[in-house]
Amino acid sequence: MEDIIKKADVLIEALPYIQSFYDKPIVIKYGGAGMTDAAIRRNVLEDIVFMSYVGMCPILVHGGGPTLSKKLKDLGVGTKFVQGFRVTDEKTMQIAEEEFMRINTEIVREIKSLGGSAMSLNGDEDGVIEVQKHGPIDGEDVGYVGDITKVNADVLQKMLVGDIIPVIPPLGFGTNDDHAYNINADQVAAEVASAIGALKLVVLTNVQGILRNLDNPDTLLSHVTLAEVDTLMKSGVIAGGMIPKVKACIKALEGGVPKTHILDAKIPHALLLEIFTDKGIGTEIVSSGGGSASGGINGV
Ligand code: ADP
Ligand code: MG
């Protein structure tokens, strides 16, 4: 008996969160090793389906870099990175589009198998994400790497009204040359969150959040402001793949998104824990000081 009462307590504890997030878009970026692990992936998608059923409007943006790298290797196509950007020639772009859409279709299918309603949004073909070609880096042309110029949020809005979870790959449409472009998925998530007026941007990755020392999980920074993040970037504490994530959070905050989070997808139900309880489990990045590590209900 006590057990079931406890379960009811847990549900009631979630009520204020459900109320304040009702009908609100929440953008979730999902990438990293967790994407290819069936158990982790199922956990993440279950959480998203749950969010959708209690009236929130989750939008999923996924990556695919590691999968693409493997595919290119299998096909004997070389990959070169310049400052973290994948040099994307015509052939690489074609393979990238195939791989990203394959992942995308799989995610949509899996959400449906969990009872959710989801739809693919090909950022290129659907014209939802407009880009222009990224300029040369270190004097080198990086090919079909796009910088987002516009997100056509009306298409997304229509899906949300119909209780459909949009699933967005990191692909864009080049308005100058009608070509498909490869975009960093963290950047896509940030721009989508700003354009749709999301209440949160949640970045799910393969580390607990921003660590002061990568080798020591005890150095997790649970609450960071924009000013602090700037210092951490300049001092090199934030490096590698964490840079586009933090930049995405900054961009979203500047675009009016009140709160951004970086979480470990490997923690079972990390999303539900972050959204429905006041236990902050990863790193939250906010515009300015104040608030607590957990944020609480007022901190949405
Ligand atoms: P994703 O595939 O989810 O985009 P990435 O591999 O691109 O993930 O980025 C996450 C990686 O960033 C971490 O695995 C870690 O190696 C690296 N990283 C660099 N600096 C930090 C830091 N200060 N805290 C946490 N991770 C960091
Ligand atoms: Mg990355």
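The values are calculated or read from the model by the stated rules, or taken from the named source; none is laboratory data. Here the structure is a predicted model, which means the values were calculated and not measured. Here the Cβ is made from the backbone with ideal geometry for all residues, glycine too, and neighbour counts use every protein chain on show. Remember, those area values only see protein heavy atoms, side chains included, never the ligands or the DNA or RNA. Shrake-Rupley method; radii C 1.70, N 1.55, O 1.52, S 1.80 Å.
The table for this structure:
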read-out: Rounded, prolate or oblate (a/c below 1.5 giving rounded, otherwise prolate when a/b exceeds b/c) for the stretch 181-300 by Cα gyration tensor; value: rounded
read-out: Global geometry of the chain, whether rounded, prolate or oblate, following the gyration tensor of its Cα atoms and the 1.5 cut on a/c; value: prolate
read-out: The chain - percent of accessible surface contributed by carbon and sulfur, probe 1.4 Å; value: 54
read-out: Computed helical MRE - 222 nm, the chain, DSSP H runs ≥ 4 contributing -39500 (n - 2.57), nearest 500; value: -13000 deg cm²/dmol
read-out: With DNA, RNA and ligands ignored, accessible area of Ser113 (1.4 Å probe; Å², nearest 10); value: 90
read-out: Of Lys112/Lys133; Lys29/Lys251; Lys24/Lys112, pairs whose Cα-Cα distance is over 24 Å; value: Lys112/Lys133
read-out: Across Lys200/Lys279; Lys7/Lys200; Lys6/Lys259, pairs whose alpha-carbon gap is larger than 19 Å; value: Lys7/Lys200; Lys6/Lys259
read-out: Cβ-placed point charges (K, R +1; D, E -1), dipole of the chain about Cα centre in debye, nearest 20; value: 360
read-out: Net dipole in debye of the stretch 172-227 [+1 Lys, Arg Cβ; -1 Asp, Glu Cβ; about Cα centre; nearest 20]; value: 260
read-out: Top positive-direction residue, dipole computed over the chain with Cβ charges, set Val142, Ile5, Leu273; value: Ile5
read-out: DSSP loop trypsin sites (Lys or Arg not before Pro) with at most 15 other Cβ within 10 Å excluded, longest remaining stretch of the chain; value: 81-211
read-out: Counted charge near Ile26, where neighbours are those whose Cβ lies closer than 12 Å (Asp, Glu -1; Lys, Arg +1); value: +1
read-out: Separation between Cα centres of the stretch 116-160 and the stretch 170-187, rounded to whole Å; value: 4
read-out: Folded to 0 to 90 degrees: helix 38-53 orientation relative to the chain principal axis, Cα; value: 60
read-out: Surface per residue (accessible, 1.4 Å probe) for the chain, Å²; value: 46
read-out: Between the stretch 232-271 and the stretch 23-43, the alpha-carbon center distance in angstrom; value: 15
